[in-house]
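Trainee: Mind looking over this structure? Questions follow.
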Amino acid sequence: MSNDSKSVTFRWKGKIVTKKVYEKRVAQQKSGKRRKKEEVISTEGENRDSRDNHTSTDSENYKHEESMLMDGRRIVDLKTLGKQMWCVSCKQALSLDYIEKETRIGLASQLSVRCHNCLIINQVSTSKQRESQDKRTVRYDTNYKAVLGVLHTGIGWTHLCKMCACLNIPCLDFKTYKKYETEIGLAAEKVAKSSCADAAALERKLTLE
Ligand SMILES: [Zn+2]
């Protein structure tokens, strides 16, 4: 009988986890839902019908850390940000004073900015986005560049974190860093292979001459 309870496997989002982790995740989910409900109730009055007008958001991007408190510095692509600082509905200029939520994806941020005129929430990104290599998720240029910088200078993730800490920029976590590093590695391998093939072809041509 006692073996039965031991053999029960706990799964969270498809992955096998320990009972302790599973219980923790369930508790987190519950408190998250409760918080969301409270938020909806507290902002219902000012939202009115604007909630239906939200610009579409890819849920995949929003599983990352969310911070209600926005402090410190961020790395921003000025042109990319500037282009998005217009309300999608009434075309008025948006103000960064009205940021309601920030979702950080590594060093990049997705900002929910409320329009002061028509009160709808616009999604603004601080970095250019592109598809990941497997075309399943969205990747952010800022993170690619940061990881490239780490590889170029020969430092590591911890050094990047220390640098970010000094600059008061929230750093990208190790898991995100690794994801980007793997993709950059694959791309670099491709380039190296083709450049090797080119060099071999050139050598062959020169030898024949
Ligand atoms: Zn507006």
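Trainee: Based on what the data block shows, is VAL138 under 28 Å from ARG73 (Cα atoms) and modelled with pLDDT under 95?
Mentor: Values: under 28 Å from ARG73 (Cα atoms): yes; modelled with pLDDT under 95: yes.
Yes, satisfied.
Trainee: Another question, then. For segment 100-113, state whether one or more residues are within 16 Å of the ligand (Cβ to nearest atom) and buried (at least 20 other Cβ atoms within 10 Å of the Cβ). Spell out the reasoning first.
Mentor: We begin by selecting, within segment 100-113, every residue within 16 Å of the ligand (Cβ to nearest atom); these are 100, 111-113.
With the extra rule that they be buried (at least 20 other Cβ atoms within 10 Å of the Cβ), the set shrinks to 111, 113.
Within segment 100-113 (the criterion being within 16 Å of the ligand (Cβ to nearest atom) and buried (at least 20 other Cβ atoms within 10 Å of the Cβ)), the answer is yes, since at least one residue qualifies.
Trainee: Here's a follow-up. Which pairs have Cβ atoms under 7 Å, sit 6 or more apart or on different chains, and link a residue in segment 87-103 that is assigned by TED's automatic domain parsing to the domain that holds ASN117 to one that is more than 8 Å from the ligand (Cβ to nearest atom) and of a type in the set (Phe, Trp, Tyr)?
Mentor: Final answer for the pair search is ALA93/TRP86; LEU94/TRP86; THR103/TYR62.
Trainee: Quick one: THR176 ticks every box in (1) touching a strand residue (DSSP E or B) at 6+ places or on another chain (Cβ under 9 Å); (2) of a type outside the set (A, V, I, L, M); (3) farther than 18 Å from ILE75 by Cα bar one, so which box is it?
Mentor: Tallying (1) touching a strand residue (DSSP E or B) at 6+ places or on another chain (Cβ under 9 Å); (2) of a type outside the set (A, V, I, L, M); (3) farther than 18 Å from ILE75 by Cα, THR176 fails exactly one: (3).
Trainee: State all residues of segment 114-165 that are over 30 Å from SER89 (Cβ atoms) and either within 16 Å of the ligand (Cβ to nearest atom) or of a type in the set (A, V, I, L, M) (or both); if no residue qualifies, say none.
Mentor: Correct list: ALA146, VAL147, LEU148, VAL150, LEU151, ILE155, LEU160, MET163, ALA165.
Trainee: Quick test for you: out of LYS162, LYS175, LYS128, pick the one residue that is under 17 Å from the mean Cα position of the chain (by Cα), free of Cβ contacts under 8 Å to residues at least 12 places away in the same chain and surrounded by fewer than 17 Cβ atoms within 10 Å (Cβ to Cβ). Break it down stepwise before answering.
Mentor: Working: LYS162 fails: under 17 Å from the mean Cα position of the chain (by Cα); LYS128 fails: free of Cβ contacts under 8 Å to residues at least 12 places away in the same chain.
Of the residues listed, the single one that is under 17 Å from the mean Cα position of the chain (by Cα), free of Cβ contacts under 8 Å to residues at least 12 places away in the same chain and surrounded by fewer than 17 Cβ atoms within 10 Å (Cβ to Cβ) is LYS175.
Trainee: Whether any residue in segment 51-62 is acidic (Asp, Glu), within 16 Å of the ligand (Cβ to nearest atom) and either modelled with pLDDT of 95 or more or assigned to a helix (DSSP H, G or I) (or both) is what I want to check. First the steps, then the outcome.
Mentor: If we filter segment 51-62 for residues that are acidic (Asp, Glu), which is where we start, we get 52, 58, 60.
Filter once more, so that each one left must be within 16 Å of the ligand (Cβ to nearest atom): 52.
Of the ones still in play, those that are also either modelled with pLDDT of 95 or more or assigned to a helix (DSSP H, G or I) (or both) are 52.
There is at least one residue in segment 51-62 that is acidic (Asp, Glu), within 16 Å of the ligand (Cβ to nearest atom) and either modelled with pLDDT of 95 or more or assigned to a helix (DSSP H, G or I) (or both).
Trainee: Scan segment 157-195 for residues that are closer than 22 Å to ASP71 by Cβ and either outside the structural domain of ARG104 (by TED's automatic domain parsing) or of a type in the set (Lys, Arg) (or both) and report the count.
Mentor: Total meeting the criteria: 1.
Trainee: Answer yes or no: is there a residue in segment 151-159 that is surrounded by fewer than 14 Cβ atoms within 10 Å (Cβ to Cβ), under 22 Å from the mean Cα position of the chain (by Cα) and within 20 Å of GLN129 (Cα to Cα).
Mentor: Taking every residue of segment 151-159 in turn, none turns out to be surrounded by fewer than 14 Cβ atoms within 10 Å (Cβ to Cβ), under 22 Å from the mean Cα position of the chain (by Cα) and within 20 Å of GLN129 (Cα to Cα).
The values are calculated or read from the model by the stated rules, or taken from the named source; none is laboratory data. Given the structure is predicted, the values throughout are model-derived calculations rather than measurements. Neighbour counts are summed over all protein chains in view; Cβ atoms, including those assigned to glycine, are modelled from backbone coordinates with ideal geometry.
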